[in-house]
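Working notes for the structure below.
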Amino acid sequence: MAKTYQTLRLILGDQLNASHSWYKGINDNTLYVIAELHQETNYVKHHIQKVCAFFAAMKAFSLALQKAGHHVVHLTLDDTQSHEDLPTLLDTLFEKYAIETFEYQLPDEYRLRTQLSEFCAHSKLSTRGYETEHFYLSDSELATYFSAGKKHRLEAFYRKMRVRFNILMDNGQPVGGEWNFDTNNRNKLKQKDLSHIPEPLVFANDVSDVFARLQKHQVSTFGTYEAKCLWPINRQQAKALLVSFCETQLSKFGFFQDAMTCKADDMYVKKQWSLYHSRLSFALNSKIISPKFVVDTAIAYFHQHEDEIDIAQVEGFIRQIVGWREFVRGIYWLNMPRYGQLNTLEAKRDLPVWFWHGETKMNCQKHAVKQSLDYAYAHHIQRLMVTGNFCLIAGIEPSQVDAWYLGVYIDAIEWVEMPNTRGMSQFADGGIVGSKAYAASGNYINKMSDYCSNCHYDIKSITGQNACPLNSLYWHFMNEHEQPFSANPRNRMVYATWRKKSPEQQAEILKHASDLLCNLDKL
């Protein structure tokens, strides 16, 4: 007969926060449950490395809690296969362990929070939800900073966060005299820079047992499988990755955070996928490591090495975590569930098939997609201005874009993925997140990368068989949405340039784009 407990506490796969107040004391009447769930493997098709990393991190966390003296049950897909969803599993566990009280941390996905809320509303047990104690802003504070349906801007929010939490501040003023050094963050990697790119720190966590389990249960995934998971799955590894970032990448992070290259790898070292990025997003979003710890560590290192690292480097990094990460979370929670149905631009086309294998003649898309499939990772500009920009100007239906981004990336959890994709990238929210649609021709890719020099297509041509598809698709997109976009002052020069083209030139460009849109799978 199983030991009985008074309280069952549920730990979800993205709630691996060892610093949570739950764990400050040992209670022999409390049982912690961490479970691999079939419902979490199939609500969207995931990258194989993503599922392996989460399941491995969940196992590592359960072992750490057990070692600390807590009572823990770690359930694999073998143990949960007979339960169609989380509520049915919980009911079984309640009965098995004679549970009187159910406690959980508030899920960070609307889907799961709704499921648990409805479950608790009908439960005969005493139930309680807790804050995750991870973010700078608590759930209860979000409504103070955000309003449903209202257009919000990062910069104003970011400044409030800096002041409130005294981050990079000096007597009430921003360190360095400026709030934002974004103009310093737009440098292209030149040939002479490539040899200096650091080799990334990766790990070798054996996930072959997870992979075997996924095969046994016929879990459908995609992407490249690696038996040795290169991502951090425990706090020690996450801290090591943070230290490595500070020591080898922070000094040039700001300069090159938007840069892309396909010429930095050789047969021995693969480093162009990582460049100067920390790759801490999986550890952060699974809550293995806290944003405050990351920020405090980076700032402390900056102050200790101000002769090597200037303010633009560390500010650019801090902005992504204190600013953007907290910002999109607020956008998500104050606008769900309606946000997930927004399609302001009425985009309706299907995602091209090459998003699933990377075989396209467009070199920029090929590298961004193949990197995503190989590593379950791409940095923010690859996501926003390469694959995201293509989906935007090609008019791909936002739910299909959401599903791909949510599935392919190691760090993708809906609260952070959806505002970035449906909002910032696809402008499907009509400007709640961004002040303009981030549409671009091939010129932007050429400016920020070396992709174009080896491409099948000609970056300088707008029409013709070998013309870069992004060029005519861009003008087609801007022309199609001229009425709403032309009112934005940031688009004034774009439309002035378009109107300078003769009617014959415009017609040729639009015709070429229309032909491309009918053959997206073959680009």
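The values are calculated or read from the model by the stated rules, or taken from the named source; none is laboratory data. This structure is a prediction, so every number in the text was calculated from the model and none was measured. We place every Cβ from the backbone using ideal geometry, glycine too, and count neighbours over all the protein chains shown. Accessible surface is based on the protein model in full, side chains and every heavy atom, while ligands, DNA and RNA are left aside. Shrake-Rupley method; radii C 1.70, N 1.55, O 1.52, S 1.80 Å.
Residue by residue through the range 117-138, note down the ones that are acidic (Asp, Glu) and either in a loop (DSSP other than H, G, I, E, B) or in contact (Cβ under 8 Å) with a residue 60 or more places away in the chain (or both).
Glu131, Glu133
Is it the case, given these coordinates, that Asp14 is of a type in the set (D, E, K, R) and open to solvent by 40 Å² or more (accessible area, probe 1.4 Å)? Quick ask: steps written out before the conclusion?
Values: of a type in the set (D, E, K, R): yes; open to solvent by 40 Å² or more (accessible area, probe 1.4 Å): no.
Against the criterion (of a type in the set (D, E, K, R) and open to solvent by 40 Å² or more (accessible area, probe 1.4 Å)), Asp14 does not qualify.
The single residue among Ala98, Ala156 that is of a type in the set (Gly, Ala, Ser), without any contact (Cβ under 8 Å) to a residue 12 or more places away in the chain and either surrounded by fewer than 18 Cβ atoms within 10 Å (Cβ to Cβ) or closer than 30 Å to Lys271 by Cβ (or both) turns out to be Ala156. The criterion of being assigned to a helix (DSSP H, G or I) and without any contact (Cβ under 8 Å) to a residue 24 or more places away in the chain holds for Asp515.
For the range 262-280, the criterion of being open to solvent by 10 Å² or more (accessible area, probe 1.4 Å) and in contact with a Cys (Cβ under 8 Å, 6 or more places away or on another chain) is met by at least one residue.
In summary, Val44 fulfils each of the numbered conditions (1) part of a helix (DSSP H, G or I); (2) open to solvent by less than 40 Å² (accessible area, probe 1.4 Å); (3) closer than 24 Å to Asn205 by Cβ with the single exception of condition (1).
Residues of the range 79-116 being within 23 Å of Ala412 (Cβ to Cβ) and part of a helix (DSSP H, G or I), which ones? I'd like the intermediate steps shown before the answer.
First, the residues of the range 79-116 that are within 23 Å of Ala412 (Cβ to Cβ): 80, 85-86, 104-116.
Residues satisfying the conditions are Thr80, Leu86, Tyr110, Arg111, Leu112, Arg113, Thr114, Gln115, Leu116.
Within the range 378-420, if we keep just the residues that are among the hydrophobic types (A, V, I, L, M, F, W, C) and under 15 Å from Met260 (Cα atoms), the residue that is surrounded by the most Cβ atoms within 10 Å (Cβ to Cβ) turns out to be Val386. For the range 285-295, check the following and say yes or no: at least one residue is assigned to a loop (DSSP other than H, G, I, E, B), out of contact with any helix residue (DSSP H, G or I) (no Cβ under 9 Å at 6 or more places or on another chain) and more than 22 Å from Asn184 (Cα to Cα). For the range 285-295, residues assigned to a loop (DSSP other than H, G, I, E, B), out of contact with any helix residue (DSSP H, G or I) (no Cβ under 9 Å at 6 or more places or on another chain) and more than 22 Å from Asn184 (Cα to Cα): present. Screening Lys24 on (1) within 16 Å of Phe61 (Cα to Cα); (2) over 30 Å from the mean Cα position of the chain (by Cα); (3) in contact (Cβ under 8 Å) with a residue 12 or more places away in the chain; (4) open to solvent by 30 Å² or more (accessible area, probe 1.4 Å) shows it passes everything except condition (3). Across the range 342-377, the number of residues qualifying as open to solvent by less than 50 Å² (accessible area, probe 1.4 Å), in a loop (DSSP other than H, G, I, E, B), in contact (Cβ under 8 Å) with a residue 60 or more places away in the chain and under 21 Å from Met448 (Cβ atoms) comes to 3. If you go through the range 212-237 and pick out every residue that is crowded, with 17+ Cβ neighbours inside 10 Å, within 23 Å of the chain's Cα centre (by Cα) and part of a helix (DSSP H, G or I), you end up with 2. Considering (1) assigned to a loop (DSSP other than H, G, I, E, B); (2) open to solvent by 20 Å² or more (accessible area, probe 1.4 Å), the lone condition that Ile432 does not fulfil carries the number (2). Consider Gln272 carefully, then state whether it is touching a Pro at 6+ places or on another chain (Cβ under 7 Å) and closer than 27 Å to Ala312 by Cα. The answer is no for Gln272.
Within the range 123-137, is even one residue at pLDDT below 95, loosely packed, with under 15 Cβ neighbours inside 10 Å and within 27 Å of the chain's Cα centre (by Cα)? No, the range 123-137 contains no residue that is at pLDDT below 95, loosely packed, with under 15 Cβ neighbours inside 10 Å and within 27 Å of the chain's Cα centre (by Cα).
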